[in-house]
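Inspection log for the structure reproduced underneath, given as C-alpha cells.
The values are calculated or read from the model by the stated rules, or taken from the named source; none is laboratory data. Note that this is a predicted model, so its numbers are computed, not measured. Virtual Cβ from ideal backbone geometry, glycine too; neighbours counted across all protein chains shown.
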Amino acid sequence: MAVRMVSQMLFYSGKPERKRRLGRHGVKSLALLRQAAVTLALVTALLGLAAQAWADGVWQPIGKPGIWFVWYAPSFYTGYAPRTQRADNVHVHLGRGNQVRITVVMDDELIDNYPQDLITREDMIAELVQKDIIQLYMNKSWERFQKKLADNGARELASSKQSMDPAEYRRKSLELMSTLNPDQVWHIELNAAGLCSGWLERHKGAQPADMGDKLALVNDIIPTRLWHTEMTPELEQALSSALSAQNADGVMPLLTAAAGKLYPVQDGRIDVWEYTTIYPAGTHDSYTTVDGNRIPNYPVTGVWPLVPRDYGKNQSKSQLGMVDYLSKNPGYGFITMLPYQHAGSYYYNAFHNDGVRVPVGKSFIPPEWKNVKTEREGKQAGQFWVCSRGPVSHGCTRLPSDLMGEFRNILPSVASKAEGLPTFRNNPAYFDVYDIDGDGTPEVMGIKYYMAYRCAGDRDPVEIRVENTREAYYPWLYGKGVFEWNQDGSISFPKVRDGHFVGRKAVAGKTYENLKLFEPDYHGGDKLQFYLLKPDNFESAAGFEFNRELRNVGWGYNPDRKKLFLQ
C-alpha cells in the first residue's frame, strides 16, 4: 500500500471562506487587520509560554480510549446501534461541551427489525470471510461482536419473529437493544393533557414579538424535543388558538400540530422509544470567551443540512455526488464523511473521523500505551486514533473513528435519503439541554470523555491541552465557576442557557437553573474491525464501492452483491 502524506488537506482550511466574507470593502482593511494580528500573535505567544506550565505533560493511562493500529486500512462497523431507514426521525445536535448528540425516535418497524438487522450484518461479513473476499486484519472486534450476539440470543430472537406474539417480540427486541446499548435506549411516556396544561401555565397571555418568539412557544409544547425552525400556516393558527385558550383542551390542537408524526398523540398520551447516543467532538482550532471563560469555539453554527460532495473531482481523486463520501486520503481512515458545508472550490466541512494519527512515540503518551500489540498478528501498533474533544479542526466536526462509522450505520442504507438531514449546531456559549428520559426534568448533555490535544500545523499532535481526568478537564472545557461539584460526585450547573434555531440561524434560547450534567459512559474504542480486500486494491474505485456498499447492509436493504464481489 502506497504511503500518503497524512498532513494532506482535503477539507476546508477556513481561508477561502474568510476572504469571501471580507468582500470588496473588507480587503481595504486587511493591512490593519494584519498589523493587529501581529500584535495578537505576540500576546498569544507569551500566553502560550505561561500556558505550557499546565498544558505540557503526559496523559494518565486510564483505560484505552483510542483505536491502536499498525497502518491505515479500511474497516466495517461492529457496534449495535439501530439503523433507521428514514431520516426524518433523526436529530443531530452539537452543544457547548463539545459533544454531538444523535437522537432517533424509533417507530415500530425499526424496533421489530432490530434483531434481524444485527443478524443480516453478521451473515454478510461471515460470507465475505468464508468466500475469501476480505481478510480480517489487526484487531478482533468482529469476534467480540459475534460473541455478544450469541450470548444475548440475537439469532434465536430474529428467527422467532413469525411465531412469537408481535407485542412480546417487540418487547424482547427492545430488551436486546437496551442490553447491547446501555444508557442509550429510553422509553418516553408523556401525558398529553399534562403537556397542554403545563404549556398554558407557562405561556398564558404571552405576546410573541417575532418568529423567534413564536417558534420558542411552539417547540415548548414538548420541552426540549421539538425543533421547528419555520412557522407554517398550520402552526400559526394552532399557536394563535392556544394563546387565547382557557383550558388544556384549547391547547391540544397546538400539541398535535407541533408533535406531528414524530411524537404522535394517541389515546391522550405520547408513547415512543428513543435511541440517544452522545459522541465527543473535535471542533474549530480556536477558543472563544464567554463570561470571562475561554472555551472551545465552533464558528460554523446554525442549521446545516447534510449535502453530497459535488465538487473537487480532480483535487480529491475520489468519487463524488454522494452524502456518504469516502476520501482517498488515508488520514481519514477510509471511513464515511458526512459533509454539511461547501466552503468554496473543493473544500467541504463535514463530520468525519479523528483525522489525526497519534504515533505512540509522542512524549505525552504514557508508557502503558506505547507497547500495544495487534490482537490478530501480534505486531507492534505504532499509532492510534483518539478523538480530541476540543479545538483541533478547521471547520469540520471530528468524531472517534469507530463512532463515525456508527453515525453512518444509524442513517438510512440508501444515503441519498439522508441528504438534507438538518444538523443543529449551537452557538458555543449555549448548552444542549435535553430531557433524556422524559421525566420532565431536563439535563445538560455531556459524556465521560476527557481527551484533548494540540496539533502543530494540520495533523501533527504535539502536546496535551489538559490532563485527561474529570477534575482537570471540566474546568478547562466549561470554564471555572460555571458548574459545581456535588457530594455524590455528580455535577450541577447553577445557570445555563440552551440554543434555539430560527430559520437556519442559531440564537439564544431558554435559561435554566440548577440542572444536572448527564454524562453517560464513553462507548467507543471497539466498534470497528479492520480488514484487507482480496479481489482488488481497497484504494481502487471498486474497493471504494465495496467499502460504501458494505456500510449499507442491514434490514430493509437489498445489497448489490456485484459491488461486494459476491457475483
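Taking segment 231-247 as the region of interest, how many residues are surrounded by 14 or more Cβ atoms within 10 Å (Cβ to Cβ), not in a helix (DSSP H, G or I) and not aliphatic (A, V, I, L, M)?
Qualifying residue count, segment 231-247: 0.
Looking at residue 289 and the list (1) touching a residue at least 24 places away in the same chain (Cβ under 8 Å); (2) part of a strand (DSSP E or B), which single condition is not satisfied?
Of (1) touching a residue at least 24 places away in the same chain (Cβ under 8 Å); (2) part of a strand (DSSP E or B), only one is false for residue 289: (1).
State yes or no: is residue 72 touching a residue at least 24 places away in the same chain (Cβ under 8 Å), within 18 Å of residue 186 (Cα to Cα), part of a loop (DSSP other than H, G, I, E, B) and not basic (Lys, Arg)?
Here the answer is no, as residue 72 does not meet what is asked.
Across segment 189-202, what is the number of residues that are under 28 Å from the mean Cα position of the chain (by Cα) and crowded, with 19+ Cβ neighbours inside 10 Å?
Matching residues across segment 189-202 total 1.
Can you pull out the residues in segment 490-529 that are under 18 Å from the mean Cα position of the chain (by Cα), of a type outside the set (Asp, Glu) and part of a loop (DSSP other than H, G, I, E, B)?
520, 522, 523, 524, 525, 527, listed by residue number.
What's the number of the condition residue 275 fails, among (1) touching a helix residue (DSSP H, G or I) at 6+ places or on another chain (Cβ under 7 Å); (2) closer than 25 Å to residue 411 by Cβ; (3) at pLDDT 95 or above?
(1)
Does residue 195 fit the bill of being closer than 30 Å to residue 519 by Cβ, among the hydrophobic types (A, V, I, L, M, F, W, C) and at pLDDT 95 or above?
It is true that residue 195 is closer than 30 Å to residue 519 by Cβ, among the hydrophobic types (A, V, I, L, M, F, W, C) and at pLDDT 95 or above.
Being touching a helix residue (DSSP H, G or I) at 6+ places or on another chain (Cβ under 8 Å) and of a type in the set (D, E, K, R) is the filter here; which residues of segment 419-467 pass it?
448, 454, 459, 463, 465, 467
Please give the number of the condition residue 532 fails out of (1) in a loop (DSSP other than H, G, I, E, B); (2) surrounded by fewer than 17 Cβ atoms within 10 Å (Cβ to Cβ).
Going through the list (1) in a loop (DSSP other than H, G, I, E, B); (2) surrounded by fewer than 17 Cβ atoms within 10 Å (Cβ to Cβ), residue 532 breaks only (1).
Quick one: is residue 255 in contact (Cβ under 8 Å) with a residue 24 or more places away in the chain, buried (at least 20 other Cβ atoms within 10 Å of the Cβ) and over 29 Å from the mean Cα position of the chain (by Cα)?
It is false that residue 255 is in contact (Cβ under 8 Å) with a residue 24 or more places away in the chain, buried (at least 20 other Cβ atoms within 10 Å of the Cβ) and over 29 Å from the mean Cα position of the chain (by Cα).
Determine which member of the set 471, 484, 545, 519 is more than 30 Å from residue 62 (Cβ to Cβ) and either of a type in the set (D, E, K, R) or out of contact with any Phe, Trp or Tyr (no Cβ under 8 Å at 6 or more places or on another chain) (or both).
It is 545.
If I filter segment 285-299 down to residues being modelled with pLDDT of 95 or more and either surrounded by 21 or more Cβ atoms within 10 Å (Cβ to Cβ) or polar (S, T, N, Q) (or both), which single residue comes out as nearest to residue 341 (Cα to Cα)?
Only one residue fits best here, namely 297.
Would you check if there is a residue in segment 483-497 being under 21 Å from residue 388 (Cβ atoms) and out of contact with any Lys or Arg (no Cβ under 6 Å at 6 or more places or on another chain)?
No, segment 483-497 has no match at all.
Please determine, by comparing only the residues of segment 160-188 that are among the small types (Gly, Ala, Ser) and surrounded by 13 or more Cβ atoms within 10 Å (Cβ to Cβ), which one is farthest from the chain's Cα centre (by Cα).
160
Can residue 341 be described as at pLDDT below 95 and either assigned to a loop (DSSP other than H, G, I, E, B) or out of contact with any Asp or Glu (no Cβ under 6 Å at 6 or more places or on another chain) (or both)?
no
Going through 323, 303, 356, 360 one at a time, which residue ends up being among the β-branched types (Val, Ile, Thr), surrounded by fewer than 20 Cβ atoms within 10 Å (Cβ to Cβ) and under 29 Å from residue 431 (Cβ atoms)?
Residue meeting the stated conditions: 303.
Tally the residues that are more than 16 Å from residue 528 (Cα to Cα) and either within 24 Å of the chain's Cα centre (by Cα) or not acidic (Asp, Glu) (or both), restricting the search to segment 129-159.
The number of residues fulfilling the criteria is 11.
Determine which single condition residue 277 fails, assuming it passes every other condition in (1) crowded, with 20+ Cβ neighbours inside 10 Å; (2) assigned to a helix (DSSP H, G or I).
(2)
Can you go through 214, 261 and tell me which one is surrounded by 17 or more Cβ atoms within 10 Å (Cβ to Cβ) and either of a type in the set (D, E, K, R) or assigned to a helix (DSSP H, G or I) (or both)?
214
Which is modelled with pLDDT of 95 or more, under 21 Å from the mean Cα position of the chain (by Cα) and surrounded by fewer than 21 Cβ atoms within 10 Å (Cβ to Cβ), of 89, 98?
89
Identify the residue in segment 439-454 that is among the small types (Gly, Ala, Ser) and within 22 Å of residue 497 (Cβ to Cβ) and, among all such residues, is nearest to the chain's Cα centre (by Cα).
Selected residue: 446.
Any residue at all in segment 460-481 that is surrounded by 21 or more Cβ atoms within 10 Å (Cβ to Cβ), within 27 Å of residue 302 (Cβ to Cβ) and among the β-branched types (Val, Ile, Thr)?
Within segment 460-481, not a single residue is surrounded by 21 or more Cβ atoms within 10 Å (Cβ to Cβ), within 27 Å of residue 302 (Cβ to Cβ) and among the β-branched types (Val, Ile, Thr).
Does residue 110 satisfy the condition of being in contact with a strand residue (DSSP E or B) (Cβ under 8 Å, 6 or more places away or on another chain) and crowded, with 21+ Cβ neighbours inside 10 Å?
Yes.
Pairs please, first residue from segment 497-521 and without any contact (Cβ under 8 Å) to a residue 24 or more places away in the chain, second anywhere and surrounded by fewer than 14 Cβ atoms within 10 Å (Cβ to Cβ), Cβ atoms under 9 Å, 6+ apart in sequence or on different chains.
That search, which allows pairs on different chains as well, returns 511/495; 513/494; 513/495; 514/494; 514/495.
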